[in-house]
Amino acid sequence: MIILLALLNDAPIMTIAYDNVKYSNKPEKWNLKTILSIATFLGILGVIESFFVLYLGIRILQLSLPVLQSFIYLKLSVAGHLTVFMARTRGHFWEIRPAPQLFIAHCSYSTYCNLDHSLCHLPWAGF
């Protein structure tokens, strides 16, 4: 399931090439210290969020194992993909509208991952 999630995430990432972001007329000089700091922060934040969702599902909502798996899968599919929108521009992600290709790829990915019944078992929903 995680492998399929990673493969499905590639299509929206490839459409970033068509995105409407501000770019420089000359080559950028990468500040690797800043890039690694932000990547580390986002990675640690993602792990903390995942453990919080797991804690929420087990302790507070007291979900059964299949429902908990669906809950975690939903978190991974939504949060992992929305990171693309956070990383595409320096300012707030809503300041620059995404290219139609990126938006369509995001909508297609989200719809497929969240509605396809073969990806996760949802006994509480009758699937």
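Rule-based calculations on the coordinates, nothing more; no lab input. In this text the structure is predicted, and so the values were computed from the model without any measurement. Please note: Cβ atoms are built from the backbone with ideal geometry, for glycine as well, and neighbour counts cover all protein chains shown.
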Net charge dipole size for the chain [Lys, Arg +1 and Asp, Glu -1 on Cβ; Debye, nearest 20]: 420
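I'd like the chymotrypsin sites (Phe, Trp or Tyr not before Pro) in region 1-81 restricted to DSSP loop residues with at most 12 other Cβ atoms within 10 Å, sorted by number. Don't skip to the end; give the middle numbers.
On the way: sites: Tyr18, Tyr23, Trp30, Phe41, Phe51, Phe52, Tyr55, Phe71, Tyr73; in loops: Tyr23, Trp30.
Passing both the DSSP loop test and the Cβ count: Tyr23, Trp30.
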Do the sum for the chain: with -39,500 (n - 2.57) for every DSSP H run of n ≥ 4, divided by all residues, what is the mean residue ellipticity at 222 nm, to the nearest 500 deg cm²/dmol? -20500 deg cm²/dmol
For helix 65-87, what angle does its Cα long axis make with the longest principal axis of the chain, in degrees from 0 to 90 and rounded to 10? 10
Of the options Ala105, Leu74, Asn20, report the single residue whose Cα projects farthest towards the positive end of the charge dipole of the chain (beta-carbon charges: Lys, Arg +1; Asp, Glu -1). Asn20
Which shape class applies to region 20-60: rounded if a/c is under 1.5, otherwise prolate when a/b exceeds b/c and oblate if not, where a ≥ b ≥ c are the square roots of the Cα gyration tensor eigenvalues? oblate
Taking a ≥ b ≥ c as the square roots of the Cα gyration tensor eigenvalues, with a/c under 1.5 meaning rounded and otherwise prolate when a/b beats b/c, else oblate, which class fits region 57-118? oblate
Rounded to 10°, Cα long-axis angle of helix 2-14 versus longest principal axis of the chain: 30
For helix 32-55, report the angle its Cα long axis makes with the longest principal axis of the Cα atoms of the chain; keep it between 0 and 90° and round to the nearest 10°. 10
Cα gyration tensor of the chain - equivalent ellipsoid semi-axes, whole Å, descending: 31, 19, 11
